[in-house]
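Let me begin by presenting the structure, written as structure tokens, before commenting on it.
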Amino acid sequence: MDLLFYIVPAASLVALFFAWYFFRQMMKESEGNVTMKEIAQYVRDGAMAYLRQQYKVVTIVFVVLAIFFAILAYGFHIQNPWVPFAFLTGGFFSGLAGFVGMKTATYASARTANAVTRSLNSGLKLAFRSGAVMGLTVVGLGLLDISIWYVVLKAFVSDPNPSQVLVTITTTMLTFGMGASTQALFARVGGGIYTKAADVGADIVGKVEADIPEDDPRNPATIADNVGDNVGDVAGMGADLYESYCGSILATMALGASAFFGDTVAQTRAILAPMCIASIGVVLSIIGIYAVRTKEGAGLQELLGSLSRGTNLSAGLIAIVVFPIFYLLGFQNWWQLSLSVIFGLLSGVVIGKATEYYTSHSYKPTQKLAESAKTGSATVIISGVGLGMISTAIPVITIAIAILLSYLCATGFSFDPALISNGLYGISIAAVGMLSTLGITLATDAYGPIADNAGGNAQMSGLDPEVREKTDVLDALGNTTAATGKGFAIGSAALTALALLASYIEEIKIGLAHVGRTTIEIAGEAVDVAQATIPQIVEYYQVNLMNPRVLVGVFIGAMMAFLFCGLTMNAVGRAAQKMVTEVRRQFREIKGILTGEQRPDYARCVEISTLGAQHEMILPSVIAIVVPVLAGICLGPAGVMGLLVGGLGAGFILAIFLANSGGAWDNAKKYVEEGHLGGKNSDCHKATVVGDTVGDPFKDTSGPSLNILIKLMSMVSIVMAGLTVMIGG
């Protein structure tokens, strides 16, 4: 079985090779005329300037946290000595994945606009394969990071008990997820604040007040808006799903090592399974990417079908391949575990389709939302909030069913408490299944900002209206795929966070060992900590609904989701106010802007968004890290479990609501702009623009950031388990 491990680094190299190949193919395409190149360069410069500033702030945070972890590990000996290094590598690879994706996107947008002048299919393929660079880079770097740490720790970790060696290796690897989560939070929150401050300024002053298109070159905020699409929806989403992808694999490995403690062959089998599934998923994602193409003159539904063909092909193939994977690894319940993976895949597909139904203007919910604009912007807001609330039902029920079925498949369809570790392994393997085809799933998401920027470039460059019509179709598709991608990310976050919740128990066991507790007393009997089951640890810490520490933790966890959203919403509001003031100033003081005689000061708007994002992202991010630590110190492991459950429940549902409301408002505006209900510049259009403006921080800042908040609180709790055990409560 050890030879099977080498599939993992091989798959990572295949993913990185195809990412490089697609990038090279994209770079061979022309950026178009001089104006198109100039606009693309503005966006590239703005995006790189922002990332440089963001990485400076993040570097300081990482250095401080790494020193803190080193003190815990080497000074107090309550933490694994590898944690500071694992933390840094997780953050580095997460940031690198986002950087590569964003760099690709900023080079691809003008080339996509130029490719559309040849054919719609050329533009779709170029934009989608450029998005695939992000998807394949994320999975390639994720598997590479996992491979390196597995080899290093296997060489250096030693223990008289071989089973304990595997538990130590997998729980240590789990901690590098905190680095990835921390970097992802800064990328998501900072990028989200940046892009929405610019977007709101461009919409309110440009569209509504000055009555010019969003991407009109006369709009001072338009370059900042295009930059924001890249730093938020590309770099931020890449970092987000990198940590989800790695977190699901690592949590499954840790649970596998624990579930089969005492049988090293079974442990190794359970550790290799998620890595092998993810590795095969890389190859199948590449096959799906090549299946995406369309015909000239295709509408939104045909384009959605083109993307669905690729993603469904990859998902269908992985559903078939998991059966021989589990069989060849020697699992006795190979077909039941395969079903767990399939339920994870199906839940991802159902959540994606539900999100598409509630947010695409091809379906009635968004069309009815657009019709509510007949009576003004207030009814648009009310209808959008109601739509978002209703849209939470299908994803929540889907995840609930997936959890139950994947648990039962792994336990032989039994709720026997003695089999709880096996059941939790089934849930976590379902999360791996959902994310196994991330290479192509993330490509559909990263495609959106590329298509959006292509449309902006076409508008600002003054290309033929026919070209703009084609880029508008690609952009509308991008809005839907972005909403679907956010739904998928939220669903995967829920399953991953549940697996991390179980992994937290394993870290508590390691923490007990670090403070010298080799046995614990349960019901008057001494139990060896290393062999204690999850129910025994739960009983020892009284993790039940009658324990006030648990209940307090649940309330604080649920509150964290709303507090975090409130902070990020207000951050967007403050940054947007500065942007609106600046755009109005430029229209007022630079007289020739609206006549086209003078060029706006794009750089000033980029600077406002950059500084606003850097300043505003710090408080929400620090709170997300500090609260789990304080909960562990004040309430102990029982309180932390309550915190994570409350955060998961409230955060998951709130994230779906925000993402779907925002996506529906955006596409309701697009529906009107296509000529319905009076078309552009009508009263209905202005009402939907207000709805879209309100929805911007919903769908692109607060909603997506909740995915990371849920997982980051779990990761912080896991890393700080030693401190929690020593002084908690």
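The values are calculated or read from the model by the stated rules, or taken from the named source; none is laboratory data. Computed from a prediction, not measured in an experiment: that's the story for all the values here. Methodologically, a virtual Cβ is constructed for each residue, glycine included, from the backbone with ideal geometry; neighbour enumeration extends over all protein chains shown. Note: areas computed on protein heavy atoms with side chains; ligands, DNA, RNA excluded. Shrake-Rupley method; radii C 1.70, N 1.55, O 1.52, S 1.80 Å.
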Of all residues in region 445-457, which are touching an Asp or Glu at 6+ places or on another chain (Cβ under 8 Å) and not polar (S, T, N, Q)? ASP445, ALA446, GLY448, PRO449, ALA451, ASP452, ALA454, GLY455, GLY456
Qualifying residues in region 588-638 (those that are open to solvent by 10 Å² or more (accessible area, probe 1.4 Å), assigned to a helix (DSSP H, G or I) and hydroxyl-bearing (Ser, Thr, Tyr)) - the one farthest from GLU507 (Cα to Cα): TYR602
Considering region 288-346 alone, what residues qualify as being in contact with a Phe, Trp or Tyr (Cβ under 7 Å, 6 or more places away or on another chain) and of a type in the set (Val, Ile, Thr)? VAL292
Evaluation of THR366 against (1) within 28 Å of the chain's Cα centre (by Cα); (2) open to solvent by 20 Å² or more (accessible area, probe 1.4 Å) (one fails), failing number: (2)
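Results for (1) among the acidic types (Asp, Glu); (2) modelled with pLDDT of 95 or more; (3) in contact with a Lys or Arg (Cβ under 9 Å, 6 or more places away or on another chain); (4) not in a helix (DSSP H, G or I), shown as yes or no for each residue.
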{"residue": "ASN312", "(1), (2), (3), (4)": "no, no, no, no"}
{"residue": "LEU317", "(1), (2), (3), (4)": "no, no, no, no"}
{"residue": "ILE325", "(1), (2), (3), (4)": "no, no, no, no"}
{"residue": "LEU328", "(1), (2), (3), (4)": "no, no, no, no"}
{"residue": "PHE331", "(1), (2), (3), (4)": "no, no, yes, yes"}
{"residue": "SER340", "(1), (2), (3), (4)": "no, no, no, no"}
{"residue": "LEU346", "(1), (2), (3), (4)": "no, no, no, no"}
{"residue": "VAL349", "(1), (2), (3), (4)": "no, no, no, no"}
{"residue": "THR355", "(1), (2), (3), (4)": "no, no, yes, no"}
Residue check: is GLY123 closer than 24 Å to ARG309 by Cβ, modelled with pLDDT of 90 or more, buried (at least 24 other Cβ atoms within 10 Å of the Cβ) and in contact with a Ser or Thr (Cβ under 8 Å, 6 or more places away or on another chain)? no
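Can you tell which of GLY310, GLY281, GLY316 is in contact with a Leu (Cβ under 8 Å, 6 or more places away or on another chain), within 29 Å of THR392 (Cα to Cα) and of a type in the set (Gly, Ala, Ser)? Lay out the reasoning, then the answer.
Details: GLY310 fails: in contact with a Leu (Cβ under 8 Å, 6 or more places away or on another chain); GLY316 fails: in contact with a Leu (Cβ under 8 Å, 6 or more places away or on another chain).
Of the residues listed, the single one that is in contact with a Leu (Cβ under 8 Å, 6 or more places away or on another chain), within 29 Å of THR392 (Cα to Cα) and of a type in the set (Gly, Ala, Ser) is GLY281.
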Please pick out the residue among VAL690, VAL645 that is more than 27 Å from THR375 (Cα to Cα) and assigned to a helix (DSSP H, G or I). VAL645
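Does region 145-163 contain at least one residue that is out of contact with any Leu (no Cβ under 6 Å at 6 or more places or on another chain), among the polar types (S, T, N, Q) and open to solvent by 10 Å² or more (accessible area, probe 1.4 Å)? Can you show your working first?
In the first step, residues of region 145-163 are kept if they are out of contact with any Leu (no Cβ under 6 Å at 6 or more places or on another chain); the result is 145-163.
With the extra rule that they be among the polar types (S, T, N, Q), the set shrinks to 147, 158, 161, 163.
Cutting the leftovers down to open to solvent by 10 Å² or more (accessible area, probe 1.4 Å) gives us 158, 161.
Yes, region 145-163 has at least one match.
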Taking region 46-60 and keeping only residues that are touching a residue at least 60 places away in the same chain (Cβ under 8 Å) and either surrounded by fewer than 19 Cβ atoms within 10 Å (Cβ to Cβ) or not in a helix (DSSP H, G or I) (or both), one is left with ALA49, GLN53, VAL57
Report, by residue number, each residue of region 334-357 that is more than 18 Å from ALA431 (Cβ to Cβ) and open to solvent by 30 Å² or more (accessible area, probe 1.4 Å). TRP334, TRP335, LYS353, TYR357
Could you tell me whether any residue of region 453-472 is under 30 Å from LEU419 (Cβ atoms), among the acidic types (Asp, Glu) and either open to solvent by 10 Å² or more (accessible area, probe 1.4 Å) or touching a residue at least 12 places away in the same chain (Cβ under 8 Å) (or both)? no
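Would you mind stating whether ALA410 is of a type in the set (Gly, Ala, Ser), within 15 Å of ALA431 (Cβ to Cβ), touching a residue at least 60 places away in the same chain (Cβ under 8 Å) and in contact with a Leu (Cβ under 7 Å, 6 or more places away or on another chain)?
Values: of a type in the set (Gly, Ala, Ser): yes; within 15 Å of ALA431 (Cβ to Cβ): yes; touching a residue at least 60 places away in the same chain (Cβ under 8 Å): yes; in contact with a Leu (Cβ under 7 Å, 6 or more places away or on another chain): yes.
Yes; evaluated as a whole, the condition is true for this residue.
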Are any of the residues in region 512-528 in a helix (DSSP H, G or I), without any contact (Cβ under 8 Å) to a residue 12 or more places away in the chain and of a type outside the set (Asp, Glu)? no
It is to be established whether one or more residues within region 677-690 are buried (at least 24 other Cβ atoms within 10 Å of the Cβ), among the hydroxyl-bearing types (Ser, Thr, Tyr), within 30 Å of ALA66 (Cβ to Cβ) and out of contact with any strand residue (DSSP E or B) (no Cβ under 9 Å at 6 or more places or on another chain). no
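Looking only at region 360-384, how many residues end up being of a type in the set (Asp, Glu) and free of Cβ contacts under 8 Å to residues at least 24 places away in the same chain?
Start the filter on region 360-384 by keeping residues that are of a type in the set (Asp, Glu), which leaves 371.
Then keep just the ones that are free of Cβ contacts under 8 Å to residues at least 24 places away in the same chain; that gives none.
Of the residues in region 360-384, 0 are of a type in the set (Asp, Glu) and free of Cβ contacts under 8 Å to residues at least 24 places away in the same chain.
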So, restricting to helices (runs of 4 or more DSSP H) that lie completely within region 376-461, which ones have at least 1 residues that are closer than 19 Å to MET253 by Cβ and within 21 Å of the chain's Cα centre (by Cα)? 420-435, 438-461
Output the number of residues of region 61-106 satisfying the condition of being open to solvent by less than 50 Å² (accessible area, probe 1.4 Å), among the hydrophobic types (A, V, I, L, M, F, W, C) and part of a helix (DSSP H, G or I). 16
Quickly run through region 233-256 and pick out the residues that are more than 8 Å from the chain's Cα centre (by Cα) and hydroxyl-bearing (Ser, Thr, Tyr). TYR245, SER248, THR252
Looking at region 92-113, I want the residues that are under 23 Å from ASP464 (Cβ atoms) and have a partner that is among the polar types (S, T, N, Q) and open to solvent by 10 Å² or more (accessible area, probe 1.4 Å) with Cβ atoms under 7 Å, at least 6 apart or on another chain. Which pairs are those? ARG111/SER30
Of the conditions (1) aliphatic (A, V, I, L, M); (2) surrounded by 24 or more Cβ atoms within 10 Å (Cβ to Cβ); (3) under 27 Å from ILE403 (Cα atoms), VAL645 satisfies every one except a single condition; which number is it? (2)
Any hit, region 412-420, residues being hydroxyl-bearing (Ser, Thr, Tyr), open to solvent by less than 10 Å² (accessible area, probe 1.4 Å) and more than 29 Å from ASN121 (Cβ to Cβ): no
